[in-house]
Amino acid sequence: MGSISLTINGHSIEVEAGTTVLQAAREAGITIPTICDHKDLNPYGACRMCIVEIEGVRGFPTSCTTPVTPGMQVTTESERLTTLRNRTLELMFSGHPNSCLVCPHREACEQYRPKVTKAARSTRCGFCANRDECDLRAMALKAGSQELSLPTLYSAYKLERDDPFMDRDYNLCVLCGKCWRICEKIHGQPAISIINRGKWARIGTAFAKSHVYSGCTFCGACIDICPTGTLTDRFARWQGKPEMEIPSTCILCPEGCSVVAQSKAGQLLANTMTGFNQEASLCTLGRFGYAQIVSSNQRLTRALVREEEDQIPMEWEGALQAAEGLRDYRGATALVISATTSREDRFLYARLADHLQGSLLILPSTAASDDPQLQALAGLVKRGEIRALITNGNLLNAELLQTVAFSLVIDALPSSAANLATVVLPAAILSETGGTFRTAAGLVKQMAVSSQAPGDARPEWRILCDLGRALGATGFDFNSLEAITPLIADDATPATFAGQPRHDVRQLPDRFRGHLLADIVPTLAAFGLPASPVAATAAILGEGFAILEKREIAPNMHFFKIKAEQVAKFSQPGQFVILMANETSERSPFTLVDWDGTAGWISLVIEEVGRSSRELAVLKAGDRIAHVSGPLGMPFPIERKGTVLLGGGCYGVGAIFPLARALRLAGNRVICAIEASSAYLLYMEEELDAVCDQLIIATKDGSKGQHGGIQEVVVQVAQQETIDQFIAIGCTFMMRMVCEASRPLGIPTYVALNPIMVDGTGMCGACRVSIADKTRFACVDGPIFDGHSVDWDELASRRSAYSRQEVQALPQTVDLKGFVLPLAASHGEGCGCGRK
């Protein structure tokens with residue numbers, strides 16, 4: 001095509017004909033901001049952030065859609081361009097939550113709260129799982145807060161999390177179009193597109209149907225290309241930015257797709273595509289299920305040795321000694337392994353079979369109990385020719401294992417096979433072990449170690465080397481996989497997988513080493529994958545505590561009115577209750593907002609920021625809560641002090657209500673100050689105004705009341721009058737900051753602490769806090785303490801002690817009732833997917 005010479009910012013550049021101005025600038029190392037452009041997508045020109053000035057051209061063309069011409073003179077930076085880009089950015093942010101970007105406390109907040117809060121909808125950067133990787137945020141911070149002066153028009157779309165693997169918060173969407181454009185590129189017909197018009201334009205499916213029925217293959221490309229936190233992987237959402245990305249291979253089926261394994265702190269977060277094209281696309285299982293299998297809380301982590309009817313946890317040395325019992329069955333042993341093993345593991349299994357003079361069966365990844373090889377093996381066991389079995393999965397039925405004299409299971413997950421085994425050795429799997437894998441196409445691909453195995457689990461090649469040496473075999477003295485690989489002269493190509501797993505969610509493998517995948521990743525049942533029967537739990541009508549009223553009063557803030565006669569009868573200001581949504585829920589504390597001892601009800605404001613609060617948030621009026629314990633904690637002393645300032649933020653806005661009412665009735669002048677990130681997050685303004693003498697509102701973006709938070713309010717009020725008592729309730733960061741503001745002013749300050757709490761009676765000790773260098777328990781000594789005596793660093797450390805476990809505890813399941821995709825679903829009948 002030839003080359004073209006042009007000038008960008010005074011520098012002469014030569015590029016290929018057909019190159020766009022944006023591409024030419026990038027080749028020259030010149031940065032032009034953009035949101036909607038991507039190297040794997042056709043130019044779109046929607047965001048208009050990449051505008052430039054071109055001599056002789058009217059206006060400000062978008063560089064991503066403008067091809068270079070000979071002699072073109074381009075300017076990418078000028079005062080006019082900066083102004084126009086900032087105005088565009090401001091308009092973009094008027095429909096995108098941005099309060100954190102203009103908050104005067106942003107840097108301190110992110111210092112003390114480096115991890116984002118596990119909220120439902122992301123109403124600010126501190127609630128956004130994509131904060132550390134958001135392109136929009138980076139541009140806004142570079143532009144400066146003075147460029148974001150338009151009010152935020154929050155759309156209040158509900159968080160969509162009713163599909164198997166994705167959370168979708170379209171309140172964060174800026175309509176860059178990357179998601180539907182990449183879907184169209186990879187699959188030909190996009191499962192999503194822009195729907196509605198004007199202000200209500202958004203991304204969605206045809207007729208607002210579930211993604212399961214939209215033609216979506218759940219390849220994850222839309223999530224991986226999204227520049228904001230609109231589309232997120234439900235499992236990886238709160239894990240943070242990956243620390244390592246390494247090329248690897250998925251071995252869940254013979255396709256052996258190439259992947260990029262993303263991990264952090266030794267945990268696999270996700271497998272992503274090696275490129276945004278059809279050839280690199282992944283199936284649902286490889287993209288979303290892989291990490292959940294590895295991270296399953298069902299993993300085997302200890303070696304087990306059978307002693308009569310019991311299996312006893314054992315150290316490796318003891319378990320290997322027990323496995324030496326295989327010596328007695330030389331010539332009468334069979335090894336049954338899954339095809340989902342590396343070539344190196346197969347090589348060692350074969351070598352072990354040779355030493356034991358036994359046979360080796362390699363079963364397809366989808367093999368079930370009716371596999372011909374297993375039926376033939378059953379005949380040998382029945383005739384007594386096979387008396388010992390070795391397997392690396394749930395591949396053998398109970399009858400076989402109960403018939404043989406000795407069985408060794410090398411596996412990662414519990415199963416009926418493991419339950420009946422003589423010896424169980426926990427194995428590392430998938431991303432926890434390396435090696436090579438031969439695909440159905442005959443290609444040998446490398447597997448990378450990208451995560452750590454739990455507990456005592458070890459890679460199979462290491463287990464087999466240890467086992468071989470314990471049995472006195474030669475040829476097992478390997479210290480690395482790299483020493484094994486060159487010895488593999490030939491290995492069979494796995495049977496071609498029947499179906500197209502990359503593009504057809506109806507043809508996913510249903511098993512991994514004999515384990516039903518829908519048992520490990522329950523949402524796979526949405527695609528018709530079978531799961532083991534689960535014992536139904538009958539609902540007990542009439543038990544529990546009835547929800548009289550339930551509504552969302554602000555994004556993520558849920559008001560509850562609950563029938564609880566005994567709690568209401570004895571409740572006092574400053575106390576809390578512990579709730580359990582159901583019998584298996586965590587016990588979580590929530591501050592009382594109001595109560596009526598005569599009518600027998602209590603009210604609460606619950607902020608959805610984790611598993612327990614989510615379980616409560618999805619309930620509705622008429623439902624019942626399993627347990628309500630309380631009232632708990634020490635009531636706050638209601639005394640006549642003079643002027644009392646109450647500060648509330650987040651859930652604390654509701655929590656200060658009973659204190660304000662009681663303190664005013666005691667003859668105090670009560671000033672209530674409430675804060676929110678933005679005006680649309682405020683609530684209970686009228687209720688608080690009715691029980692106090694003055695209501696002050698502060699917002700972090702200045703959209704209502706004064707610009708700032710409670711710390712600015714306390715300084716302002718102190719300049720006007722004497723504050724005799726100050727009580728603050730809200731997030732730990734807010735309470736810490738207000739204490740720093742009130743300390744030099746000499747204002748007696750009290751805060752309601754919210755550490756980890758279990759029983760609420762002081763027995764567990766989980767809620768320990770240090771107050772004036774003395775240990776106190778928030779549940780029985782508090783929850784309200786002298787704020788100037790709190791060891792805030794210790795409190796923050798204790799609150800984050802189980803942050804990883806809290807993320808892992810977040811539910812991945814959705815209600816699959818009426819949700820299973822028919823295996824023979826028809827198309828072309830108005831479903832919108834465009835397939836036949």
Inset, instruction - Any chance you could check the Cα centroid distance between the range 387-465 and the range 44-67 for me, in angstrom? - result: 57
Legend entry - Accessible heavy-atom area order of His11, His105, highest first, probe of 1.4 Å: His11, His105
Inset, instruction - May I ask you to give the percent of accessible area on the range 1-74 that is carbon plus sulfur, with a probe radius of 1.4 Å? - result: 48
Inset, instruction - Could you let me know the centre-to-centre spacing of the range 275-327 and the range 101-125, using Cα atoms, in angstrom? - result: 38
Inset, instruction - Could you list the GluC sites (Glu not before Pro) in the range 199-286 that lie in coil according to DSSP, counting only those with at most 14 other Cβ atoms within 10 Å of their Cβ? - result: Glu243
Legend entry - Accessible surface of Asp328 - all protein chains present, 1.4 Å probe, nearest 10 Å²: 120
Inset, instruction - May I ask you to rank Trp238, Trp200 by accessible area, largest first, using a 1.4 Å probe over the protein chains only? - result: Trp200, Trp238
Inset, instruction - Could you provide, to the nearest whole Å², the per residue accessible area of the chain with probe 1.4 Å? - result: 42
Legend entry - Label point distance in nm, His627-Ser94, each placed 7 Å from Cα along Cα→Cβ: 5.1
Legend entry - Extension reserve of the Lys142-Glu583 stretch, reckoned as 0.36 nm per residue once the Cα distance is removed: 153.9 nm
Inset, instruction - Note down the nm distance, to one decimal, between modelled labels 7 Å out along Cα→Cβ at Asp310 and at Lys115. - result: 3.6
Legend entry - Length added when fully stretched, Gln805-Asp759, from 0.36 nm per residue minus Cα-Cα: 14.7 nm
Inset, instruction - Would you list which lysines come within 20 Å of Lys185, measuring only between C-alpha atoms, while excluding same-chain residues fewer than 8 positions from it? - result: Lys39, Lys836
Inset, instruction - Starting from the range 781-812, pick out the chymotrypsin sites (Phe, Trp or Tyr not before Pro) whose DSSP state is loop and whose Cβ has at most 14 other Cβ atoms within 10 Å. - result: Tyr802
Inset, instruction - For the range 123-237, give the percent of accessible area contributed by carbon and sulfur heavy atoms, probe 1.4 Å, rounded to a whole number. - result: 54
Inset, instruction - Grab the DSSP H runs of the chain that are 4 residues or longer, score each as -39,500 (n - 2.57), total them, divide by all residues and round the 222 nm result to the nearest 500 deg cm²/dmol. - result: -6000 deg cm²/dmol
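Add +1 for every Lys or Arg and -1 for every Asp or Glu among the other residues with Cβ under 10 Å from the Cβ of Ile51, and state the total.
+2
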Inset, instruction - Would you rank Ser612, Ser629 by solvent-accessible area, highest first, keeping every protein chain in place and using a 1.4 Å probe? - result: Ser629, Ser612
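Given the pairs Lys569/Lys641; Lys115/Lys264; Lys142/Lys178; Lys118/Lys241, which span a C-alpha to C-alpha distance of over 18 angstrom in this model?
Numbers: Lys569/Lys641 27 Å; Lys115/Lys264 14 Å; Lys142/Lys178 23 Å; Lys118/Lys241 15 Å.
Too far apart for the 18 Å limit: Lys569/Lys641; Lys142/Lys178.
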Inset, instruction - Indicate, rounded to the nearest 5 percent, the antiparallel portion of the DSSP beta bridges found entirely in the chain. - result: 65
Legend entry - Heavy atoms of Glu14: accessible area, 1.4 Å probe, square angstrom to 10: 120
Inset, instruction - Compute the FRET efficiency between Glu565 and Lys641 as 1/(1 + (r/R0)^6), taking r as their Cβ-Cβ distance and R0 = 30 Å, and round to the nearest 0.05. - result: 0.35
Legend entry - Cβ-based net charge around Ala28, under 15 Å, with every Lys or Arg adding one and every Asp or Glu removing one: -3
Legend entry - For Ile547, net neighbour charge (Lys/Arg +1, Asp/Glu -1) across residues whose Cβ lies under 12 Å away: +4
Inset, instruction - Using a cut-off of under 19 Å, list every residue of the range 115-152 whose amide N is near the label point 7 Å from the Cα of Thr83 along the Cα-to-beta-carbon line. - result: 143-150
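The values are calculated or read from the model by the stated rules, or taken from the named source; none is laboratory data. Note that the structure is predicted; figures quoted are calculated from it, not measured. All Cβ positions, glycine included, derive from the backbone under ideal geometry; neighbour counts span all protein chains shown. Note: accessible area is taken over every heavy atom of the protein model, side chains too, but ligands, DNA and RNA are not part of it. Shrake-Rupley method; radii C 1.70, N 1.55, O 1.52, S 1.80 Å.
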